[in-house]
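Below is one structure, written out as structure tokens; the observations come after it.
The values are calculated or read from the model by the stated rules, or taken from the named source; none is laboratory data. Since the model is a prediction, treat every value here as computed from it, not as a measurement. For neighbour counting, all protein chains shown are included, and Cβ atoms are generated from backbone atoms with ideal geometry for every residue, glycine included.
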Amino acid sequence: MSRYSRVRRETKETIVEVEINLDGNGNVKVDTPVPFLNHLLESMLFYMRADAKVHAEDLRGFDDHHVVEDVAITLGQAVREALGDKKGVARFADRTVPMDEALVQVAVDVSGRGMAFVKWRINRDSVGKLSVENAKHFIQSFAYNSGITVHVRQVRGENSHHILEASFKALGLALRDAIRIEGQGVPSLKGSL
């Protein structure tokens with residue numbers, strides 16, 4: 001069973017291409033015009049142990065919003081497609097990640113019902129060229145398009161970079177655990193996800 005997908009999204013604002021193998025080794029290449037987004041996605045996908053290529057072009061150059069949103073949509077769609085019928089996946093997982101003074105908890109449910117709840121206390125508007133509101137919007141858009149419920153909670157932390165990076169690492173680790181094949185049936189009493 002191959003859990004691989006390739007998705008391309010082209011709008012008047014961006015061109016995004018994502019290629020992902022969920023059963024990889026963490027070989028990741030991310031190229032977007034938002035350097036800190038690249039860093040966060042590299043962390044997430046590496047700890048997810050996916051092999052992935054993400055490429056995005058910003059055709060308008062207004063700000064970070066269009067790129068962040070369209071990358072999240074495309075990556076979410078690629079993950080959803082690669083998961084297929086979800087037979088055998090663990091489904092639920094949670095991880096807590098420390099990064100220096102920051103501590104972040106993430107819980108996920110590969111339920112087919114994508115939604116996100118993100119609770120950060122960050123005192124800056126942006127880190128590098130990535131706005132904090134768009135980092136949150138990335139998680140929300142990814143969750144919705146992947147069909148995965150995501151909860152992110154900052155337990156403590158002061159450094160914005162540390163809080164965001166710990167969040168994306170914890171998300172990657174939780175996703176790795178939740179999509180791991182550990183059985184043969186669909187993990188639901190309903191018989192489908």
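Key figures
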| quantity | calculated |
| --- | --- |
| Hits in segment 102-156 (condition: among the aromatic types (F, W, Y) and touching a helix residue (DSSP H, G or I) at 6+ places or on another chain (Cβ under 8 Å)) | W120, F138, F142, Y144 |
| Pairs, first closer than 16 Å to H161 by Cα and modelled with pLDDT of 95 or more in segment 129-144, second among the basic types (K, R) and surrounded by fewer than 22 Cβ atoms within 10 Å (Cβ to Cβ), C-beta under 7 Å, six or more apart | V132/R124 |
| Tally, over segment 5-28, of residues that are of a type outside the set (A, V, I, L, M, F, W, C) and within 15 Å of T74 (Cβ to Cβ) | 10 |
| Cβ-Cβ under 6 Å pairs, at least 6 apart or on other chains, segment 1-22 side closer than 29 Å to I181 by Cα and crowded, with 17+ Cβ neighbours inside 10 Å, far side at pLDDT 95 or above and hydroxyl-bearing (S, T, Y) | V7/T74; R9/T74; V16/T74; V18/T74; I20/S5; N21/Y4 |
| Residue under evaluation R124, criteria (1) under 18 Å from L37 (Cβ atoms); (2) touching a Gly at 6+ places or on another chain (Cβ under 9 Å), criterion not met | (2) |
| Strands (runs of 3 or more DSSP E) lying entirely in segment 1-78 (those with 2 or more residues that are within 24 Å of A174 (Cβ to Cβ) and touching a His at 6+ places or on another chain (Cβ under 9 Å)) | 14-21, 28-31 |
| For S131: the one exception among (1) over 25 Å from P187 (Cβ atoms); (2) under 15 Å from the mean Cα position of the chain (by Cα); (3) surrounded by fewer than 20 Cβ atoms within 10 Å (Cβ to Cβ) | (2) |
| Count of residues meeting criterion [over 28 Å from A178 (Cα atoms) and among the acidic types (D, E)] in segment 23-68 | 4 |
